[in-house]
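The values are calculated or read from the model by the stated rules, or taken from the named source; none is laboratory data. Predicted model only: the values in this text are computed from it and were never measured. FYI the Cβ positions are ideal-geometry reconstructions off the backbone, even for glycines, and counts take in every protein chain you see.
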Amino acid sequence: MNKIISRAVLIIEILLAFFFSAIIIDTAITYSNSTEAISTEKIINLIALLSAIVFPLAAHIMIRIKHRSNTPEGEILPFLFLSTTLECISFLPTYYIDTGVLLLDPILINVLIRFSFLSNALIFLYVALLLMGVNNNNYLSYFVISMLLALILSIIAPNSSAIQAAGSNFGSDYDVYFNYAIALITLASIVTFIGAATKDKMRHSIERCITYVLMVVGNYGIFTRSHMGATAAATVILIIGCIMLMMTSKESF
């Protein structure tokens, strides 16, 4: 990847990380100043979101400083980290409900939420395909086209007020189809990672595939926020996956 683009992606991720971290901290302060007791579920959700910001960013910085990418998926890893951070935009509707502060237009929130989740799922699938050995010289072109199509689809899909979407990832009834699509793409990437591990039985390849499976499962579990226990488990899984990525990257970056 071009060094300028790579640095720009990292800078954008850092800025987003500070932005979302400030929002989460402000929400925590609002909870603490409230007369009502803070629920365990709210605490776990905030910790999960912070983890989804801090650990992928730490992995990104560690890999960039100490390693140089020689693996097929190395070209798109920066975008994987960036999309994971961008998914935290799904917290903005909840932030509005809790603090009364609306930071972005509701329709724009809907579009960005859709794009962040869809692009993240697609990037994981691309990584899985590359580890499987599907390495076409034009894959970066296909990757860019896929991201553009995800953005276009996110824009043209019908919208409703994201303010009504507190506690969920999407604000439109139409977005249930996005949920199904993301779940299917996520499942496909997990299956592909498993296939890559069985195809190339080298220890390092298996470790890399396990690492990405943990990251996929952890990321998906955090942002679906279906159950308090599931969110806590997903947070631990994502943290382990990010740490493993930093450790296994020493042999290939």
With the structure loaded, tell me whether Leu77 is modelled with pLDDT of 90 or more, under 21 Å from the mean Cα position of the chain (by Cα) and either among the basic types (Lys, Arg) or surrounded by 18 or more Cβ atoms within 10 Å (Cβ to Cβ) (or both) or whether it fails that test.
no
Could you figure out which of (1) over 26 Å from Val176 (Cβ atoms); (2) buried (at least 21 other Cβ atoms within 10 Å of the Cβ); (3) not aliphatic (A, V, I, L, M) isn't true of Thr99?
(2)
Those residues of region 214-236 which are in a helix (DSSP H, G or I) and buried (at least 20 other Cβ atoms within 10 Å of the Cβ), in sequence order
Leu214, Met215, Val216, Gly218, Asn219, Tyr220, Gly221, Ile222, Phe223, Thr231, Ala234, Thr235
Does Ser6 satisfy the criteria of being over 14 Å from Pro56 (Cβ atoms) and either at pLDDT below 85 or surrounded by 11 or more Cβ atoms within 10 Å (Cβ to Cβ) (or both)?
yes
Looking at Ile61, is it surrounded by fewer than 18 Cβ atoms within 10 Å (Cβ to Cβ), assigned to a helix (DSSP H, G or I), without any contact (Cβ under 8 Å) to a residue 40 or more places away in the chain and under 20 Å from the mean Cα position of the chain (by Cα)?
no
Taking only pairs six or more apart or across chains, which ones have beta-carbon atoms under 6 Å, a first residue in region 17-45 that is at pLDDT below 85, and a second residue that is among the β-branched types (Val, Ile, Thr) and not in a helix (DSSP H, G or I)?
Tyr31/Ile38
Given the options Phe193, Phe178, Phe170, name the one that is buried (at least 20 other Cβ atoms within 10 Å of the Cβ), modelled with pLDDT of 90 or more and within 19 Å of the chain's Cα centre (by Cα).
Phe193
Please find, among Thr198, Thr211, the residue that is surrounded by 15 or more Cβ atoms within 10 Å (Cβ to Cβ), at pLDDT below 95 and assigned to a helix (DSSP H, G or I).
Thr211
So Ile97 clears everything in (1) within 24 Å of Asp26 (Cβ to Cβ); (2) in contact with a Lys or Arg (Cβ under 9 Å, 6 or more places away or on another chain) except one condition, right? Which one?
(2)
Looking at the structure I just gave you, is Val127 over 18 Å from Phe91 (Cβ atoms), in contact with a Phe, Trp or Tyr (Cβ under 8 Å, 6 or more places away or on another chain) and modelled with pLDDT of 90 or more?
yes
For Leu50, are the conditions met, namely being part of a helix (DSSP H, G or I), free of Cβ contacts under 8 Å to residues at least 40 places away in the same chain and surrounded by fewer than 21 Cβ atoms within 10 Å (Cβ to Cβ)?
yes
